[in-house]
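Here is the structure we will look at, set down as structure tokens.
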Amino acid sequence: MAHARAPVLEALETYHRSGRHAYSPPGHKGGTGVDTRVALTLGADVFASDVLALNGLDDRRMSGRFLEHAEELMADAVDADRTYFSTCGSSLSVKAAMLAVAGPGEKLLVARNAHKSVIAGLILAGIEPVWVKPRYDAARHLTHPPGPDAVAEAFGRAPDAKGMLLVTPTAYGMCADIRGIAQVCHDHDRPLIVDEAWGAHLPFHEDLPSWAMDAGADLCVTSVHKMGSGLEQGSVFHLRGDLVDPAVLTLRADLLNTTSPSVLMWAALDGWRRQMVRDGHELLGHALKLAWRLREEVAGLTGLAPLEEPELVGPDRSFAYDPLLVVIDVSDLGTSGYAAAEWLRNHRQVDVGLADHRRIVAQLTHADTEESCVVLLDALTELVKQRSALPPPAAVRLPTPEGLQLETVMLPRDAFFGPVEQVPVEEAAGRIAAEPASPYPPGVPVFCPGERISREAAEFLRTGVEAGMYVPDASDQSLRTVRVVAE
């Protein structure tokens, strides 16, 4: 295919040259109506390229097929049969994928380390989750994706399940055995959906873990803005094989998709695909070298321990891991990941993507350079020097693996929309959750609507929030109270 082309970008360039006069949305009319102060911050070019898709970039029948051509090129680049662009983020795309496989009252195998957007999909669709137990490193309190054995066991419990939803990579870069899990699903003639939000870059370098389409998955969702060059909310989903009907996928995605898609996001997705096909291998190869060197240098800093293959991969752990997500254990500094992340932000203007009770995660991409790695390493070096001034470890009451295995006693939809009451968190144990509570990032719920809350889960959240954990989806973000099903 002609991967040197970028159909949406080219159409936008043509639009800019055409001197068109719009008497239609958007109301800023190419930026002429934007407040000067706004334009100074955002840039005039943002508004000049924020054009209507239908009867703007393209005609009223979309006969130029710019989007269609761009999606065809993206599909070819990642070895998919079909690709769909979404400008509503992977949080919406994963819901569309779920709806294409299961409907109200039907069962779907779901890895229990799924993102809160998956739980929202269960609630909206009325799907009954059959939870697949992740692997859990109790010593490090770190969750890994489930293995094929856990998926086979879940199908044994629910042979009528319509398919499986797997999360890989995780926000920590932990990767599942997609091929083995896909084989289990296909042995049951069921599709595998992969929430691959963190894996947009994986197809473009052989030293990275396998990606969904390469490993036999049927449908996957990718957030190009996370590890690629897409704008925030730029997402794609890829389809392969015949276990998911493309007409059904299109119809159910249309239930959720906006009718006002962002041409800016389309163009960024289109241009990123062109960049990766042309230069991705070289760019990612350089990024991998930077990541390995950074790990070596961080390992030489007293109190910091970058996790590597021996800690992350193997029996009861992950199948593989993405080395571009540099997971650094800071517990030997005598502080928490929350405190380390805040110190880096406040004192060195360095932001990390994820922090927990004992770790931070520094994300490298194809955009990083020798200089950007020096900035990070210098900041970490200074963090170590300031260890005596850092607050003590977070007093988080960490749950056991068993304390996180909650019993599902109601459909998530019924618990969420039914009669509820707000109770003190100290009284929540034994009650049925009517809301999700998801420390963010990574956004994996500790409990979901319909699950019976354990004392360990409640104490983990209560003490976690006191220590700096952020739980944005709880109705009471202080976690002093919890929303439960009324008795």
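The values are calculated or read from the model by the stated rules, or taken from the named source; none is laboratory data. All of these numbers come straight from a predicted model, not from anything done at the bench. Because the Cβ atoms are built from the backbone with ideal geometry, glycine has one as well, and the counts that use them run over all protein chains shown. With ligands, DNA and RNA removed, areas are computed over all heavy atoms of the protein, side chains included. Shrake-Rupley method; radii C 1.70, N 1.55, O 1.52, S 1.80 Å.
Contact order, relative form, for the chain: 14 percent (alpha carbon pairs under 8 Å, 6 or more residues apart, mean separation divided by residue count).
The packing ranking of peptides 258-271, 375-388, highest mean first, is 258-271, 375-388, where packing means the average number of other beta carbon atoms within 10 angstrom of each residue. Taking a point 7 Å out from the Cα of ASP242 in the direction of its Cβ, the residues of segment 208-223 whose backbone N falls within less than 16 Å of it are 218. Each label point was placed 7 Å from the Cα along the Cα-to-Cβ direction; for ARG65 and ASP316 their separation is 5.5 nm. In the context of the full set of protein chains, the chain has a per residue accessible area of 43 Å² (1.4 Å probe). Under 5 Å between amide hydrogens, built in the peptide plane, is the criterion, and for VAL132 it picks out VAL110, ALA111, ARG112 among residues at least 5 positions away or on other chains. I'd like the carbon and sulfur percentage of the solvent accessible area for segment 65-217, probe radius 1.4 Å, heavy atoms only, ligands and nucleic acids excluded. On segment 65-217, the fraction of accessible area on carbon and sulfur atoms equals 48 percent. Of [x] 26.0, 93; [y] 23.1, 77; [z] 23.0, 65, which is the value of Rg and Dmax of the Cα atoms in Å derived from the coordinates here? Of the labelled values, this structure produces [z]. Using the average count of surrounding beta-carbon atoms within 10 Å as a protection proxy, the listed peptides 400-410, 87-97, 313-323 rank, highest first, as 87-97, 313-323, 400-410.
Amide H contacts of VAL420 (H built 1.01 Å from N, in plane; Pro and chain starts excluded): ALA486 sit under 5 Å, all sequence-distant by 5 or more or on other chains.
Let me know the shape class of segment 34-80, please: from the alpha-carbon gyration tensor, a ≥ b ≥ c as square roots of the eigenvalues, rounded when a/c is under 1.5, otherwise prolate if a/b is greater than b/c, or oblate. Oblate, because a/c is 1.5 or more while a/b does not exceed b/c. Under a 5 Å amide H cut-off, with hydrogens placed 1.01 Å from N, GLU106 pairs with GLU128 among residues at least 5 apart or on other chains. The HN-Hα couplings worked out from phi for segment 318-328 by the Karplus form 6.51 cos²θ - 1.76 cosθ + 1.60 (θ = phi - 60°) are 8, 6, 7, 8, 8, x, 6, 9, 8, 8, 10 Hz, whole numbers, x standing for Gly and Pro.
3J(HN,Hα) couplings calculated from phi for segment 120-125 with the Karplus curve 6.51 cos²θ - 1.76 cosθ + 1.60 (θ = phi - 60°) are, in sequence order, 4, x, 4, 5, 5, 8 Hz; Gly and Pro show x.
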